[in-house]
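Only the coordinates and a few stated rules stand behind these numbers; no lab work does. Bear in mind the structure is a predicted one, so any value in this text is a computation, not a measurement. Using ideal geometry, Cβ is built from the backbone for each residue, glycine included, and neighbour counts are taken over all protein chains shown.
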Amino acid sequence: MDKPLTIPSAGGRADRSSARESPVQGDLSRAIVTRRTSYDRGHYIKPHWHARAQFVFAVAGTMRVRTARRAWIVPPSRALWVPAHTVHEIQMYGVVQMHSLYVKDSAGAGMPSSCVVFNVICHRRASYSTSPRC
């Protein structure tokens, strides 16, 4: 059963006092920090926010990403741009191999100020593997 997202909304952005910051890990001197994470079926990431924008996509599995006002289903063919300081939660459907790019404000100049879905095109690399790699 789905739990309602209880993030109070304030002018399109959720009130960050109701959720904790999830600090970006890695070399923060870089404009873009990458992270790959695997999650079991049914894993739930509680409401949180990042100081950097997050470009999140699943190489395998499907995610549901919710903010206070909207929800997106994010299969491997899609990615979601989540602006910095946007409170969101993520529910995994199936085993999920998540890739995230955490983008410094200066590197994300010109990107939307609200969440946006993008198409993802994976190119196969020459290898003996039968699965596409992104």
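Sorting the segments 78-85, 100-107 by their residues' average number of neighbouring beta-carbon atoms within 10 angstrom, most packed first, yields 78-85, 100-107. For the peptides 114-121, 65-72, 88-95, the ranking by mean Cβ contacts within 10 Å, running from highest to lowest, is 88-95, 65-72, 114-121. The amide H of THR86, built 1.01 Å from its N in the peptide plane, has HIS50 as neighbours under 5 Å, considering only residues 5 or more places off or on other chains. The packing ranking, built from the mean of other Cβ atoms within 10 Å per residue, places the peptides 48-60, 28-40 in the order 48-60, 28-40, highest first.
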